[in-house]
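Engineer: Handing you this structure, nothing more for now.
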Amino acid sequence: MPSTAPHYNHFLNTPDSAVEDMIDGLLLMYPSSLTKIESQNVIIRKDLPKHKKVFLLSGGGSGHEPSHAGWIGDGMLDGAICGGMFASPSVKQILSAIRAVTSVNEKSSNDGGGCLLIVKNYTGDRLNFGMACEMANAEGRSCRMVVVADDCAVPRDKGISGARGVCGTMLVHKAAGAAAMNGSTLDEVVNVAERVAKRIGSLGVSIGSVCLPGQLAGRSASENEEELCMELGIGIHGEAGIEKSVWLSAKDIADKVVSTIADFGYGMGSSSERLQKGDRVALILNNLGATSNFEMAILAKEFVNIVEDKFDCVIDRFYVGPFMTSFNMHGISLSILCLDANGEILKYLDAPTTAPAWVKSDNSASQSSRSTNALESLPDSYEDNENDGSSASALSATAEDTISSDLTNGAIRAACKAILDAESQLTQWDLIVGDGDCGITMKRGATEVLERLDNGSLSNSNAVKLCLDLAEAVSQSMGGTSGILFELFFRKMAAVFIQQCGGGSPVDFGLAFKAGVDAVMFYGGAKV
């Protein structure tokens, strides 16, 4: 009997319970470090320091994981307030978090205690966190608030709220958290947070929109928008960006994103500054939720190249991973933090933290050393030497003129043409029983063999050398299971031909072919 349960495109129980279920899961994932305020969607450190320090709180709508609970730990946040999906938390939730980490009568900003709220620039967050901050201060608790507005898609002075707060907020968490752990006062921590926030520019780009729990699909496109598959400047809640575009290469995306951030500048209002040649920067390449690691690596390459080569900046730190997602959006964002000349911000970024989601940067090497980050040659012991007098080389020489050049050329071309013609059919069959890459893999091999035949790098009169040349061609071009199976097949045939020629016998293609098939079945495990 078919199920009557509602169909969701996500792993969840119900949309209504999703946030609570997610928090319960986090507490089970980190039972020794996280706890929850009873009846509130507020997560705080289980091991809150007993000594006086500035406590850091942040939060916002859920759906941006690992933000914000993933940043709880020594050197970053002490608590995270989780609103509904993409919805600001309530004043009551925020106030309960402030009360959990502060004491009454902490009226001095210089006594080593107090609480800092780090808030992203959205009207709901500003109002709710601001109200909670004022209520906490009225109770005699020392509380301050810093707003981060790093999004370069919306002018900072536009409307009431201006630029949105996005992934650059993570760097504010990190710097302020390090300052607090180092014993700085509330005034000093606020100063660090504001200074870092004013030096960040961020921009997002997406291929697909977000689909929240309970929704059937993301934002639909009209007919004339179907080809405009990319959106530059999209918000972390799926807000419209500044430009829609046809598909762009990773290199073009990187150029467009970095150029937009550079043109927008950092700072506030008319006093904003621009990225300058020689600036030392930290970058965050942020996964918005559904971008593969494969794509992230390609984009990492292009962003580094654009920042270093086009803008001539020095990348001191480069963080890559999911920092502030937009649930399951297929997209990325880039944040550029312009570091200070005295290295203080860099010191805060490098300070230790136990926050589970923080991805430490592999300290960037110099540009020159990165450009040569490959072995120039293999060690001597790995190099091939066809003239070393080995039995294989010597015996293969005896196989000269063992096959007809014209017949060989015709047979190879016919076989490769048959493979190229069958590409789509091979793909269809492989989609039924495998991963669907058989057609393109076989096409790569056939194309490489034809190219080598045309440029004379395939022997067409020596059976041994022909099989070895074919083995090398498929090994270099095909890859995967098919590539190694065909390489095994041809190398086994070559070995049989060597034995035949060494004994003075004519080559027997049937015997060599059977030996090649037997080798494939033995090593591959499949039987006919």
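The values are calculated or read from the model by the stated rules, or taken from the named source; none is laboratory data. This one's a predicted model, so the numbers in the text were calculated from it and none came from an experiment. Cβ coordinates were reconstructed from backbone atoms using ideal geometry, including for glycine residues, and neighbour counts include every protein chain displayed.
Rundown of residues vs (1) at pLDDT 90 or above; (2) more than 24 Å from ALA519 (Cβ to Cβ), yes/no style:
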position	(1), (2)
LYS417	yes, yes
LEU431	no, yes
MET442	yes, no
VAL474	yes, no
LYS492	yes, no
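Engineer: Continuing with the same structure: Can you tell me which residue among GLY204, GLY165 is buried (at least 24 other Cβ atoms within 10 Å of the Cβ) and not in a strand (DSSP E or B)?
Structural biologist: Details: GLY204 fails: not in a strand (DSSP E or B).
Answer to the check: GLY165.
Engineer: If you don't mind, another one. Can you name every one of the strands (runs of 3 or more DSSP E) wholly within segment 6-111 that holds 2 or more residues which are in contact (Cβ under 8 Å) with a residue 40 or more places away in the chain and either outside the structural domain of ALA136 (by TED's automatic domain parsing) or in contact with a Pro (Cβ under 6 Å, 6 or more places away or on another chain) (or both)? I'd like the intermediate steps shown before the answer.
Structural biologist: Working: elements: 34-36, 42-45, 55-62, 79-85.
Ranges flagged: 79-85.
Engineer: Turning to a different aspect of this structure: Check LEU248, LEU346, LEU299 and return the single one that is outside the structural domain of PRO31 (by TED's automatic domain parsing) and crowded, with 21+ Cβ neighbours inside 10 Å. Talk me through it step by step, then tell me what you get.
Structural biologist: Numbers: LEU248 fails: crowded, with 21+ Cβ neighbours inside 10 Å; LEU346 fails: crowded, with 21+ Cβ neighbours inside 10 Å.
Exactly one of LEU248, LEU346, LEU299 is outside the structural domain of PRO31 (by TED's automatic domain parsing) and crowded, with 21+ Cβ neighbours inside 10 Å, namely LEU299.
Engineer: Taking the conditions exactly as written (crowded, with 18+ Cβ neighbours inside 10 Å, under 41 Å from the mean Cα position of the chain (by Cα), without any contact (Cβ under 8 Å) to a residue 40 or more places away in the chain and assigned to a helix (DSSP H, G or I)), does GLU487 satisfy them or not? Break it down stepwise before answering.
Structural biologist: On the way: crowded, with 18+ Cβ neighbours inside 10 Å: yes; under 41 Å from the mean Cα position of the chain (by Cα): yes; without any contact (Cβ under 8 Å) to a residue 40 or more places away in the chain: yes; assigned to a helix (DSSP H, G or I): yes.
The answer is yes for GLU487.
Engineer: Can you pull out every residue in segment 168-200 that is β-branched (Val, Ile, Thr) and not in a helix (DSSP H, G or I)? Spell out the reasoning first.
Structural biologist: Within segment 168-200, the first condition is being β-branched (Val, Ile, Thr), and the residues that meet it are 169, 172, 185, 189-190, 192, 196, 200.
Correct list: THR185, ILE200.
Engineer: Continuing with the same structure: Would you mention how many residues in segment 313-328 are in a strand (DSSP E or B) and not small (Gly, Ala, Ser)?
Structural biologist: Within segment 313-328, the subset in a strand (DSSP E or B) is 314-321.
With not small (Gly, Ala, Ser) added as a condition, the list becomes 314-320.
Going through segment 313-328 one residue at a time, the tally reaches 7.
Engineer: What number of residues within segment 317-343 are buried (at least 24 other Cβ atoms within 10 Å of the Cβ) and closer than 25 Å to VAL192 by Cβ?
Structural biologist: 7
Engineer: Continuing with this model, one more query. Can you name every residue in segment 46-74 that is within 21 Å of ALA351 (Cβ to Cβ) and within 28 Å of the chain's Cα centre (by Cα)?
Structural biologist: LEU56, LEU57, SER58, PRO66, SER67, HIS68, ALA69, GLY70, TRP71, ILE72, GLY73, ASP74
Engineer: Which one of ALA519, ALA494 is in contact with a helix residue (DSSP H, G or I) (Cβ under 7 Å, 6 or more places away or on another chain) and crowded, with 22+ Cβ neighbours inside 10 Å? Step through it out loud before you land on a result.
Structural biologist: Working: ALA519 fails: crowded, with 22+ Cβ neighbours inside 10 Å.
Among ALA519, ALA494, only ALA494 is in contact with a helix residue (DSSP H, G or I) (Cβ under 7 Å, 6 or more places away or on another chain) and crowded, with 22+ Cβ neighbours inside 10 Å.
Engineer: Please go through segment 431-446 and give me each residue that is under 15 Å from ASP421 (Cα atoms) and touching a residue at least 40 places away in the same chain (Cβ under 8 Å), ordered by number.
Structural biologist: Listed by number, the residues that qualify are CYS438, THR441, MET442, GLY445.
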